[in-house]
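To keep things clear, I will list the structure first and then write my remarks on it.
Derivation of every value follows stated rules applied to the coordinates shown; laboratory data play no part. All figures in this text were calculated on a predicted structure; none of them were measured in a lab. As a convention, Cβ positions derive from the backbone with ideal geometry for all residues, glycine included, and neighbour counts pool all protein chains shown.
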Amino acid sequence: MGKFTLNGQEILISPGKTLFQTVLQNKPHADIILLNGFHVEQDCYIEEHDTVVAIKSGEVPPKEVFESLLIARHTPDIHRKLKKAIVGIAGLGGLGSTVAVALARAGIGKLILVDYDIVEPTNLNRQQYFIEHTGKYKTDAVSEIIGKVNPYTKIISHKEKINEDNISEFFEQGHVIVEALDKAATKAMFIENILDQLPEKPIVCGMGMAGYGRNTIISMRQVGNLYICGDGVSEVGLGQGLMAPRVGIVANMQANQVIELLVEG
Amino acid sequence: MIIVNNIKREWRKGMTVQSLVDEKKYSFIVELNGKLIRKSEYDNCFVNDGDTIFILYSISGG
């Protein structure tokens, strides 16, 4: 007899019973039912290898159901590739904190977070932190946020300044590396050293995102293993600060590129 | 006329990749008409009228 998966657990298909009857029997209070990732409104029969998620609207599902929700949303094949992936993120400012949270929501298995800094009140205009994180290490604050979003993402943190001597130690485990640093000199040092020390690793960097508007000039360009997101020209300066929307666009573009690299290889 | 990072600009005789790279403090990847140029070639690599160039300038913000 065939099996299907209900909320992450394998169950035998009861012959002659419909999806709704089966859910009623196992999760009597469930009123949101996803079959292979899609909301079901009309009853049907369960087939072998189907994935069913049944939850009660407004209730926090137990931990194990979280993962089955991700599988249902992203399809098992994509979820599996993302779950076994390790992504290294250099810097947890406007770019890095947003990339980290987006990747955790997407179900990345492990993140390596490198940042020596603490959260300052001036960060809140564009970074993922809350007022209560002020004074905390950014690595700890991001870990805390991710723990509330996807507790399945494992995190390795390094509260250290990145230099050419510790780059390969921190990042050699990563399948893809994200450059999310802030100063031009540090960004250049990091990218040059990754290209030199870990030339086989794809690196996704963010370059040019200050100010507002000008949506049409933000793009992605690939040169070998280097993926460059941003407009390539908008530097931080007087009258052109960093703002949540434009930094967020570039950060999410980076996260999007990471997922494409991980899924399509 | 040449195109540098999607922006059109005047071409001058004798223009080299090095002269364009020198315009910013941090620049490290150059593609001339889609071909990657090595650092050691910057000085002797002339830019011709009509060329398309991409230079990755490292600029602050993140």
Q: Report the one residue of A:241, A:28, A:255 whose Cα lies farthest in the direction of the positive end of the charge dipole of the protein assembly as shown (charges on C-beta: Lys and Arg +1, Asp and Glu -1; origin at the Cα centre).
A: A:241
Q.
Restricting to DSSP loop positions (anything but H, G, I, E, B) with no more than 14 other Cβ atoms inside 10 Å of their own Cβ, which GluC sites (Glu not before Pro) remain in region A:175-258?
A. A:200
**Q.** Rounded FRET efficiency, nearest 0.05, which uses the C-beta distance separating residue A:216 from residue A:134 and R0 of 35 Å
**A.** 0.45
Q.
Counting only other chains, and only Cβ atoms inside 10 Å, what mean value do you get across the residues of A:222-229?
A. 2
Q.
So if I take the centroid of the Cα atoms in region A:197-265 and the same for region A:56-132, what is the distance between those two points in Å?
A. 18 Å
Q) Rounded if a/c is under 1.5, else prolate if a/b beats b/c, else oblate: with a ≥ b ≥ c from the C-alpha gyration tensor eigenvalues square-rooted, which is region A:8-50? A) rounded
Q: First select every other residue whose beta carbon is under 13 angstrom from the beta carbon of residue A:52; then total the charges, Lys and Arg +1, Asp and Glu -1.
A: -2
Q: For each pair in A:187/B:39; A:83/A:136; B:8/B:35, compute the distance between the two Cα atoms and list the pairs where it is over 22 Å.
A: A:83/A:136
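Taking all pairs of distinct Cα atoms, average 1/r, flip it, and tell me the Kirkwood hydrodynamic radius of region A:97-189 in Å to one decimal place. Mind dumping the intermediate values first?
Values: mean 1/r = 0.0721 Å⁻¹.
Averaging 1/r across every pair of different Cα atoms and inverting gives 13.9 Å.
Relative contact order for region B:2-57: what is it in percent, counting Cα pairs under 8 Å that are at least 6 residues apart? Don't skip to the answer; put the middle values down first.
Values: 86 pairs, mean separation 28.4, N = 56.
It comes to 51 percent, rounded to a whole number.
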(Q) Please list, ordered by chain and number, the residues whose modelled amide H lies under 5 Å from the amide H of residue A:242; skip anything fewer than 5 residues away on the same chain. (A) A:211
Q. Dividing the alpha-carbon Rg of the protein assembly as shown by 2.2 N^0.38 Å yields what?
A. 1.20
Q. With θ set to phi - 60° and the Karplus curve 6.51 cos²θ - 1.76 cosθ + 1.60, what are the ³J(HN,Hα) couplings of region A:46-58 in order, to the nearest whole Hz, using x for Gly and Pro?
A. 7, 10, 4, 6, 5, 10, 10, 10, 10, 9, 8, 3, x
Q. Is there a simple number for the mean count of other chain Cβ atoms within 10 Å of the Cβ of residues in B:49-60, and what is it?
A. 6
Q: Can you pull the one-decimal nm distance between simple spin-label points at residue A:29 and residue B:33, each 7 Å off the Cα toward Cβ?
A: 7.1 nm
Q) HN-Hα J couplings of region A:178-183 from phi, Karplus 6.51/-1.76/1.60, θ = phi - 60°, integer Hz, Gly and Pro as x? A) 10, 8, 9, 8, 10, 8
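Could you tell me the relative contact order of chain A? Use alpha-carbon pairs under 8 Å, at least six residues apart, and round to a whole percent.
Values: 506 pairs, mean separation 42.6, N = 265.
Relative contact order comes out at 16 percent.
Which value, to two decimals, describes the C-alpha radius of gyration of chain B once divided by 2.2 N^0.38 Å? Working shown, then result.
Details: Rg = 11.2 Å, N = 62, 2.2 N^0.38 = 10.6 Å.
Computed over Cα atoms of chain B, the ratio equals 1.06.
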Q: Lys and Arg at +1, Asp and Glu at -1: add these up for the other residues within a Cβ distance under 11 Å of residue A:71 and post the number.
A: +1
Q. Other chains near B:21-30: what is the mean number of their Cβ atoms within 10 Å of each residue's Cβ?
A. 3
Q. Say a paramagnetic label sat at a point 7 Å from the Cα of residue A:244, along Cα to Cβ; which residues of region A:194-225 have their backbone N under 20 Å from it?
A. A:209-215
Q | Karplus-derived HN-Hα couplings along region A:209-221 (A = 6.51, B = -1.76, C = 1.60, θ = phi - 60°), whole Hz, x at Gly and Pro | A | 8, 5, x, 9, x, 6, 4, 6, 9, 7, 8, 10, 9
**Q.** Residue (of A:224, A:55, A:142) at the positive-pole extreme of chain A, dipole from beta-carbon charges
**A.** A:55
Q: Among the trypsin sites (Lys or Arg not before Pro) in region A:126-180, which ones are in a DSSP loop with at most 11 other Cβ atoms within 10 Å of the Cβ? Mind listing them?
A: A:161
Q.
Please compare each pair in A:84/A:154; A:81/A:110; A:3/A:63 to a cut-off of 18 Å on the Cα-Cα distance and tell me which ones are over it.
A. A:3/A:63
Q) What is the dipole size for the protein assembly as shown, taken about its Cα centre, with +1 at each Lys and Arg Cβ and -1 at each Asp and Glu Cβ, in debye to the nearest 20? A) 320 debye
Q: Give me the compactness ratio for region A:141-265, meaning the Cα radius of gyration over 2.2 N^0.38 Å.
A: 1.09
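Within the set of other residues whose C-beta is less than 14 Å from the C-beta of residue A:246, count the net charge using Lys and Arg as +1 and Asp and Glu as -1. Display every interim value, and only then the final one.
Values: positive: A:126, A:214; negative: A:231, A:235.
Taking every Cβ under 14 Å from that of residue A:246, the sum is 0.
With the contact rule set at Cα under 8 Å and sequence spacing of 6 or more, what percent relative contact order holds for region A:1-60? The partial results should precede the final answer.
Working: 95 pairs, mean separation 26.1, N = 60.
Computed over region A:1-60, the figure is 43 percent.
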Q. Which residues' amide hydrogens lie under 5 Å from the amide hydrogen of residue A:157, considering only partners 5 or more residues apart or on another chain, with H built in the peptide plane?
A. A:113
